[in-house]
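Participant: Quick one: the structure is below, and I'll ask about it shortly.
All of the numbers you see were taken from the coordinates with simple rules; none came from a lab. Model, not experiment: these values are computed from the prediction. No Cβ is skipped: glycine too gets one built from the backbone with ideal geometry, and neighbour counts run over all protein chains shown.
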Amino acid sequence: MEKEINNNSAINPPKKKNIALSIIFTIITLGIYNCFWHILRVKELNNLNTQKKVGKAGGIIALLFLIVGILGVFWLAEEILRTTPIFPIKFTKTQLPVILIVASVILLAKIILIFQAFKVRSIINEALQNKNSNVKLSSIYTLLFNNLYLQYEINRIIDDKEQNKRKGPMIFLIILILLVLSASIILFLKYAK
């Protein structure tokens, strides 16, 4: 696809990025990396000579909401630890509404990023269609893994391996399910007494 993109006079085609590093950056930055991925990839994606385009506004708005949400989480953690130094943690009447607001702000940021991911998905699908490829990016993986999955697919397209079977997202999904199940079992066994 890189050759195809370059033939279509794209100035700045999408570049390969290391998925493992993207996962690490996402964890370290508490999700802020996802916003920057969408903001910084706009020019590359819009140079694919597709009808569909994506803007920076969604990524910037999600970034602002996410920063406010993260600051709210830190403030709440400090407030709760200051007022309740021992477990079990009990929330005051004033903390509960703040928890709902912070959770709503973070959820709103995540919803915006999902919409951005689906816009990017449609651009990549159109670019693949222009390349006469019958491959379509997965809606399920886009919903679950957002920009990490999109970058995985961009890497596959650059390597001209988009026709190959997808293994990475399925492996990651299985690992994620096993981690959630393990954590659930551990918590159940710990608190079921």
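Participant: Measure nothing but the geometry: give the 0 to 90° angle between the long axis through the Cα atoms of 168-191 and the longest principal axis through the Cα atoms of the chain, rounded to 10°.
Facilitator: Rounded to the nearest ten degrees, it is 10.
Participant: Cα atoms only, the chain: Rg and Dmax in Å?
Facilitator: Radius of gyration, then largest Cα-Cα span, for the chain: 20.1, 66 Å.
Participant: Against the longest alpha carbon principal axis of the chain, how many degrees, from 0 to 90 and to the nearest 10, is the axis of helix 139-158 turned?
Facilitator: Once rounded, the angle reads 40 degrees.
Participant: Tell me the label-point distance for the pair Gln129, Ile114, using the 7 Å Cα-to-Cβ offset, in nm and rounded to one decimal.
Facilitator: If labels sit at Gln129 and Ile114, their model points lie 2.4 nm apart.
Participant: Now, a different point. Rounded to the nearest Å, what's the spacing between the alpha carbon centres of region 118-158 and region 12-79? Just the number, please.
Facilitator: Here the two parts' Cα centres lie 17 Å apart.
Participant: Still on this model: In a Gaussian network model over the chain where Cα atoms closer than 10 Å are linked, find which of Leu143, Leu113, Leu45 has the largest mean-square fluctuation.
Facilitator: Leu143
Participant: Could you give the angle, 0 to 90 degrees to the nearest 10, between helix 95-130's Cα long axis and the longest principal axis of the Cα atoms of the chain?
Facilitator: Rounded to the nearest ten degrees, it is 10.
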